[in-house]
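As C-alpha coordinates, the structure follows; a few thoughts come after it.
The values are calculated or read from the model by the stated rules, or taken from the named source; none is laboratory data. The structure presented is a predicted model; accordingly, all values stated were derived computationally and were not measured. Please note: Cβ atoms are built from the backbone with ideal geometry, for glycine as well, and neighbour counts cover all protein chains shown. We work out accessible area using only protein heavy atoms, side chains counted, and drop any ligands, DNA or RNA first. Shrake-Rupley method; radii C 1.70, N 1.55, O 1.52, S 1.80 Å.
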Amino acid sequence: MVKFELLPNEIFIISFQYLNAPDLFYAFDRLNYRFNKLINTPPLSLDFHENVRKSIFDQFCRILIINPEIKDKIYSLYLSNKDNSYMKIHSFLTHFSLDDFIHLQSLTLIQVRQNNISQLISILPLLSKLIYF
(Lines give C-alpha, C1' and ligand atoms only; values in the text may rest on other atoms or scores of the structure.)
Protein backbone atom coordinates (compact mmCIF):
# COMPACT_ATOMS: atom_id res chain seq x y z
CA MET A 1 0.00 0.00 0.00
CA VAL A 2 1.36 3.42 -1.02
CA LYS A 3 0.91 6.35 1.32
CA PHE A 4 -0.81 9.42 -0.13
CA GLU A 5 2.12 11.75 0.57
CA LEU A 6 4.55 9.39 -1.19
CA LEU A 7 2.82 9.66 -4.58
CA PRO A 8 4.92 11.35 -7.28
CA ASN A 9 4.43 15.06 -7.95
CA GLU A 10 3.22 14.33 -11.48
CA ILE A 11 0.19 12.43 -10.19
CA PHE A 12 -0.75 15.31 -7.89
CA ILE A 13 -0.36 17.89 -10.66
CA ILE A 14 -2.57 15.91 -13.04
CA SER A 15 -5.15 15.30 -10.30
CA PHE A 16 -5.18 18.95 -9.24
CA GLN A 17 -6.23 20.00 -12.75
CA TYR A 18 -9.60 18.34 -12.13
CA LEU A 19 -10.28 20.29 -8.94
CA ASN A 20 -11.82 23.72 -8.53
CA ALA A 21 -9.06 26.14 -7.49
CA PRO A 22 -10.79 27.43 -4.33
CA ASP A 23 -11.30 23.84 -3.14
CA LEU A 24 -7.71 22.95 -4.05
CA PHE A 25 -6.30 25.85 -2.07
CA TYR A 26 -8.73 25.29 0.80
CA ALA A 27 -7.51 21.69 1.13
CA PHE A 28 -3.78 22.02 0.44
CA ASP A 29 -2.63 25.62 0.97
CA ARG A 30 -0.11 25.90 3.80
CA LEU A 31 -0.18 22.16 4.36
CA ASN A 32 3.55 21.97 3.71
CA TYR A 33 6.18 23.35 1.34
CA ARG A 34 5.74 20.58 -1.24
CA PHE A 35 1.98 21.05 -1.58
CA ASN A 36 2.32 24.84 -1.65
CA LYS A 37 4.55 24.46 -4.71
CA LEU A 38 2.37 21.78 -6.32
CA ILE A 39 -0.92 23.70 -6.10
CA ASN A 40 0.70 26.62 -7.89
CA THR A 41 1.86 24.47 -10.81
CA PRO A 42 -1.17 23.36 -12.87
CA PRO A 43 -3.56 25.60 -14.81
CA LEU A 44 -6.45 26.58 -12.57
CA SER A 45 -10.20 26.76 -13.00
CA LEU A 46 -12.21 29.08 -10.73
CA ASP A 47 -15.80 28.05 -10.35
CA PHE A 48 -17.68 30.34 -7.97
CA HIS A 49 -21.15 28.95 -8.57
CA GLU A 50 -24.02 29.19 -6.12
CA ASN A 51 -22.81 26.31 -3.93
CA VAL A 52 -19.52 27.96 -2.97
CA ARG A 53 -19.71 29.31 0.55
CA LYS A 54 -18.95 33.00 1.06
CA SER A 55 -16.09 32.13 3.42
CA ILE A 56 -14.34 30.05 0.72
CA PHE A 57 -14.96 32.77 -1.87
CA ASP A 58 -13.49 35.44 0.45
CA GLN A 59 -10.56 33.23 1.41
CA PHE A 60 -9.61 32.57 -2.21
CA CYS A 61 -9.92 36.26 -3.09
CA ARG A 62 -7.47 37.02 -0.26
CA ILE A 63 -5.10 34.36 -1.63
CA LEU A 64 -5.23 36.04 -5.07
CA ILE A 65 -4.54 39.45 -3.53
CA ILE A 66 -1.58 38.16 -1.51
CA ASN A 67 -0.21 36.00 -4.38
CA PRO A 68 -1.04 37.83 -7.63
CA GLU A 69 1.08 35.37 -9.66
CA ILE A 70 -1.71 32.80 -9.20
CA LYS A 71 -3.84 34.88 -11.59
CA ASP A 72 -1.45 33.87 -14.38
CA LYS A 73 -2.47 30.22 -13.89
CA ILE A 74 -6.23 30.79 -14.21
CA TYR A 75 -7.69 29.75 -17.55
CA SER A 76 -11.37 29.44 -16.63
CA LEU A 77 -13.61 31.64 -14.51
CA TYR A 78 -17.25 31.01 -13.59
CA LEU A 79 -19.09 33.61 -11.52
CA SER A 80 -22.75 33.56 -10.64
CA ASN A 81 -25.14 35.82 -8.76
CA LYS A 82 -27.84 33.16 -8.91
CA ASP A 83 -29.61 32.44 -5.61
CA ASN A 84 -27.04 34.47 -3.83
CA SER A 85 -27.16 37.49 -1.58
CA TYR A 86 -23.51 38.50 -1.66
CA MET A 87 -23.20 39.18 -5.41
CA LYS A 88 -20.07 37.23 -6.38
CA ILE A 89 -19.67 38.96 -9.75
CA HIS A 90 -19.67 42.45 -8.29
CA SER A 91 -17.50 41.43 -5.36
CA PHE A 92 -14.97 39.69 -7.61
CA LEU A 93 -14.81 42.61 -10.07
CA THR A 94 -14.37 45.01 -7.17
CA HIS A 95 -11.17 43.21 -6.18
CA PHE A 96 -9.84 42.20 -9.60
CA SER A 97 -9.78 43.36 -13.18
CA LEU A 98 -10.39 40.56 -15.66
CA ASP A 99 -7.53 41.76 -17.86
CA ASP A 100 -5.15 40.76 -15.03
CA PHE A 101 -5.96 37.14 -15.87
CA ILE A 102 -3.70 36.97 -18.92
CA HIS A 103 -4.41 33.30 -19.71
CA LEU A 104 -8.17 33.45 -19.27
CA GLN A 105 -9.78 31.35 -22.02
CA SER A 106 -13.26 30.79 -20.63
CA LEU A 107 -15.50 33.27 -18.84
CA THR A 108 -18.98 32.37 -17.64
CA LEU A 109 -21.14 34.95 -15.88
CA ILE A 110 -24.61 34.05 -14.65
CA GLN A 111 -27.18 36.73 -13.80
CA VAL A 112 -24.93 39.71 -14.44
CA ARG A 113 -26.31 42.87 -12.89
CA GLN A 114 -26.69 46.06 -14.92
CA ASN A 115 -23.96 47.87 -12.97
CA ASN A 116 -21.35 45.33 -14.15
CA ILE A 117 -22.18 45.41 -17.87
CA SER A 118 -20.34 48.63 -18.73
CA GLN A 119 -17.29 47.42 -16.82
CA LEU A 120 -17.35 44.14 -18.77
CA ILE A 121 -17.80 45.83 -22.14
CA SER A 122 -14.61 47.83 -21.64
CA ILE A 123 -12.57 44.84 -20.46
CA LEU A 124 -13.68 42.10 -22.89
CA PRO A 125 -11.64 43.40 -25.87
CA LEU A 126 -8.51 43.22 -23.71
CA LEU A 127 -8.90 39.50 -23.06
CA SER A 128 -6.90 38.29 -26.05
CA LYS A 129 -6.96 34.60 -25.15
CA LEU A 130 -10.67 34.47 -24.37
CA ILE A 131 -12.31 31.74 -26.46
CA TYR A 132 -15.55 31.18 -24.60
CA PHE A 133 -17.83 33.85 -23.13
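In this rough spin-label picture, where each label sits 7 Å from Cα along the Cβ direction, the LYS54-GLN17 distance is 3.6 nm. To the nearest 10, the accessible area of ASP47 is 50 Å² with a 1.4 Å probe.
By the rule of a C-alpha distance below 17 Å, with chain neighbours fewer than 8 residues away ignored, the aspartates and glutamates paired with LYS129 are ASP72, ASP99, ASP100.
Taking 7 Å steps out from each Cα toward its Cβ at SER106 and LEU31 produces label points 2.4 nm apart. Rounded to 0.05, the FRET efficiency of the THR94 and ASN9 pair, given R0 = 35 Å and the Cβ-Cβ distance, is 0.45. Would you mind telling me the share, in percent, of accessible area of the range 33-133 contributed by carbon and sulfur at probe 1.4 angstrom? C and S fraction of accessible area: 54 percent.
Averaging the Cα positions of each part gives two centres, and for the range 85-128 and the range 44-79 these lie 13 Å apart. On a per residue basis, the chain carries 59 Å² of accessible surface, using protein heavy atoms and a 1.4 Å probe.
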